[in-house]
1. Could you identify the single residue in 137, 105, 70, 85 that is surrounded by 18 or more Cβ atoms within 10 Å (Cβ to Cβ) and in contact with a Lys or Arg (Cβ under 8 Å, 6 or more places away or on another chain)?
2. For residues in region 153-172 being touching a strand residue (DSSP E or B) at 6+ places or on another chain (Cβ under 9 Å) and assigned to a loop (DSSP other than H, G, I, E, B), which is nearest to residue 110 (Cα to Cα)?
3. Modelled with pLDDT of 95 or more, assigned by TED's automatic domain parsing to the domain that holds residue 49 and in contact with a helix residue (DSSP H, G or I) (Cβ under 9 Å, 6 or more places away or on another chain): is that true of residue 83 in this structure?
4. Report whether or not residue 158 is out of contact with any Lys or Arg (no Cβ under 7 Å at 6 or more places or on another chain), outside the structural domain of residue 70 (by TED's automatic domain parsing) and over 24 Å from residue 76 (Cβ atoms).
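The values are calculated or read from the model by the stated rules, or taken from the named source; none is laboratory data. Keep in mind the model is a prediction, meaning the values are calculated, not measured. As a convention, Cβ positions derive from the backbone with ideal geometry for all residues, glycine included, and neighbour counts pool all protein chains shown.
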Amino acid sequence: MKGRIFRTVISAVALWAAIAATPLAAEPAQKRGPVTNLPLPRFVSLKAAEGNVRRGPSLTHRIDWVFKHRHMPLKIVAEYGHWRRVEDRDGIGGWMHYSLLSGVRTVIVERDMLTLFAQPDSKSLENAHLEMGVIARLGSCDPLWCRLSADGQRGWARKDALWGVAPDEIRE
């Protein structure tokens with residue numbers, strides 16, 4: 001009887017120690033796509049000049065939208081077989097076949113006359129200005145700035161003026 005009580009007490013102490021050793025605010029594991037094992041959500045771009053956006057993940061589902069801007073950034077929020085559920089910057093979307101999407105990263109300028117700077121510093125030389133809605137190729141990003149190229153112009157822009165890059169994303 002004493003042995004059983006002793007084992008129960010030891011087990012309870014061990015369980016309590018294991019619980020106490022576990023961090024209370026552990027970071028949740030990043031969600032991964034079941035097909036590609038890539039992070040969700042993630043950004044991609046439209047490879048084709050046009051892409052049908054369907055109500056469900058197959059050719060039998062009706063077409064709800066047609067995206068018509070090559071290199072337009074899109075956010076993948078789900079995967080199913082060869083299909084990806086995507087959203088544009090307005091939250092509009094549906095299912096697209098993966099062959100219409102590219103891993104080439106682009107962004108949409110969200111601020112009118114966005115200044116591209118020579119360095120990631122607002123006091124550096126101004127290289128160019130981009131209008132709202134311009135699609136630019138995304139280069140490297142630090143916590144606040146991203147390097148862009150659009151129509152032969154290159155420079156650094158504030159990340160908070162762009163759609164197509166996560167606020168905490170760092171790119172080399």
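1. On the way: 137 fails: surrounded by 18 or more Cβ atoms within 10 Å (Cβ to Cβ); 70 fails: surrounded by 18 or more Cβ atoms within 10 Å (Cβ to Cβ); 85 fails: in contact with a Lys or Arg (Cβ under 8 Å, 6 or more places away or on another chain).
Residue meeting the stated conditions: 105.
2. The residue in question is 164.
3. On the way: modelled with pLDDT of 95 or more: yes; assigned by TED's automatic domain parsing to the domain that holds residue 49: yes; in contact with a helix residue (DSSP H, G or I) (Cβ under 9 Å, 6 or more places away or on another chain): yes.
Spelling it out, residue 83 is indeed modelled with pLDDT of 95 or more, assigned by TED's automatic domain parsing to the domain that holds residue 49 and in contact with a helix residue (DSSP H, G or I) (Cβ under 9 Å, 6 or more places away or on another chain).
4. yes
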